């Protein structure tokens with residue numbers, strides 16, 4: 001078996017904002033396996049400034065992985081525990097190699113019979129008019145679950161935006177989620193959560209920066225608004241530590257991004273612990289290309305969650321790969337009458 005890697009920089013159609021800043025492009029890497037006449041491909045979706053494996057030796061570790069591919073996935077994964085995005089790319093690549101076609105990693109009703117996955121519509125941070133524009137697009141697009149980034153513009157303006165939605169649509173019609181990406185200060189977070197709760201929101205993701213377990217525990221106890229941990233899960237590698245975190249903080253939900261938490265196996269470990277503790281969860285992409293998004297979507301469908309998932313990011317980039325993934329009426333659908341960009345793997349290998 002031969003293995004190689006290839007870098008690809010995804011360009012946003014328009015700058016996308018979170019409380020961590022504005023993104024205009026996003027780096028990603030592909031692992032490609034070749035075995036006789038078969039190919040396998042996996043995406044290592046690193047997010048610079050957020051991924052725990054954002055390290056100077058990242059490419060060196062990719063090279064090491066390719067040079068030692070003969071070790072097999074079960075021996076390689078433990079060696080890559082501090083590089084969760086490479087673990088995820090490796091999982092995909094081996095699944096892809098074994099599959100009947102390189103992109104059908106999990107056989108299910110999703111990719112065989114176009115059974116859809118409910119997803120949320122994502123509203124990026126920006127000025128007030130831009131956010132209003134996005135909200136209108138999502139509502140017209142048939143979404144009944146909207147996730148809005150908060151914490152970057154004036155908080156009062158964000159409250160007005162939420163109020164404008166609730167004035168027109170109650171929670172029976174539109175489910176609202178917000179994501180602070182750790183933007184709130186620990187001293188005023190509870191006050192802001194109380195103000196947000198007046199809009200009958202489903203939840204808020206990561207209200208304060210991670211690694212403040214005691215503060216987060218108190219927020220989860222006192223908040224009138226359910227809290228979902230997101231960035232908090234990054235860098236927690238061992239199962240015993242995952243158990244300790246969830247037992248101590250006891251959030252209402254956790255958010256699973258396979259690229260950031262060790263791939264499918266890492267995410268499934270979190271799910272197992274969360275369900276034991278009666279903690280809810282859903283899956284979100286981490287701005288992967290359609291290659292990684294396809295893998296996450298197929299895996300997510302097999303989990304049989306009825307909650308809207310965060311998988312509607314395939315249309316963000318100007319230079320993404322064509323794929324059968326389409327968003328329609330607030331759902332992600334695998335259209336069997338559409339095909340992947342021809343010679344994708346060969347193009348990446350050049």
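Which of these, 313, 65, 167, has the largest mean-square fluctuation under a Gaussian network model of the chain (Cα springs below 10 Å)?
Looking only at 313, 65, 167, the biggest GNM fluctuation is shown by 167.
What are the semi-axes of the equivalent ellipsoid for the range 197-281, taken as the square roots of 5 times the Cα gyration tensor eigenvalues, largest first, in whole Å?
Over the Cα atoms of the range 197-281, the ellipsoid semi-axes are 21, 13, 12 Å.
Please provide three numbers in whole Å: the alpha-carbon extents of the range 1-150 along the principal axes, with the largest listed first.
So the three principal-axis extents are 53, 42, 24 Å.
In 10 Å bins starting at zero, report the fraction of Cα pairs in the range 115-173 per bin as a rounded %.
Spelled out per bin, shortest first, that is 22, 57, 19, 3, 0.
What do you get for Rg/Rh over the range 1-77 if you use C-alpha atoms and the Kirkwood form of Rh?
1.05
Take every DSSP beta bridge whose two residues both sit in the chain, then give the antiparallel share in percent to the nearest 5.
Bridges in the chain are about 60 percent antiparallel.
Using only DSSP helix segments of four residues or longer, with each worth -39500 (n - 2.57), what per-residue ellipticity at 222 nm results for the chain after dividing by its residue count and rounding to 500?
-11000 deg cm²/dmol
Mean-square fluctuation check for the chain, GNM, Cα pairs under 10 Å: which of 72, 151, 142 is largest?
Looking only at 72, 151, 142, the biggest GNM fluctuation is shown by 72.
For the chain, what is one quarter of the convex hull surface built on the Cα atoms, given in nm²?
The orientation-averaged projected area of the Cα hull of the chain comes to 16.8 nm².
Along the Cα-to-Cβ line of residue 241, 7 Å from the Cα, sits a label point; which residues in the range 64-84 have backbone N less than 18 Å from it?
Those under the cut-off are 77-84.
When the chain is treated as a GNM, springs tying every alpha-carbon pair under 10 Å, which of 306, 315, 323 comes out with the largest mean-square fluctuation?
306
Just the ratio, please: alpha-carbon radius of gyration of the range 195-239 over 2.2 N^0.38 Å, N its number of residues.
1.24
Taking Cα atoms, how many degrees apart are the long axis of helix 263-276 and the longest axis of the chain, rounded to 10 and kept between 0 and 90?
40 degrees
For the range 250-266 and the range 119-186, what is the centre-to-centre distance using only Cα atoms, to the nearest Å?
Measuring centre to centre over Cα atoms gives 23 Å.
Taking Cα atoms, how many degrees apart are the long axis of helix 58-67 and the longest axis of the chain, rounded to 10 and kept between 0 and 90?
30 degrees
Coordinate-derived values only; no laboratory data. Everything numeric in this text was worked out from a predicted model, so none of it was measured. Virtual Cβ from ideal backbone geometry, glycine too; neighbours counted across all protein chains shown.
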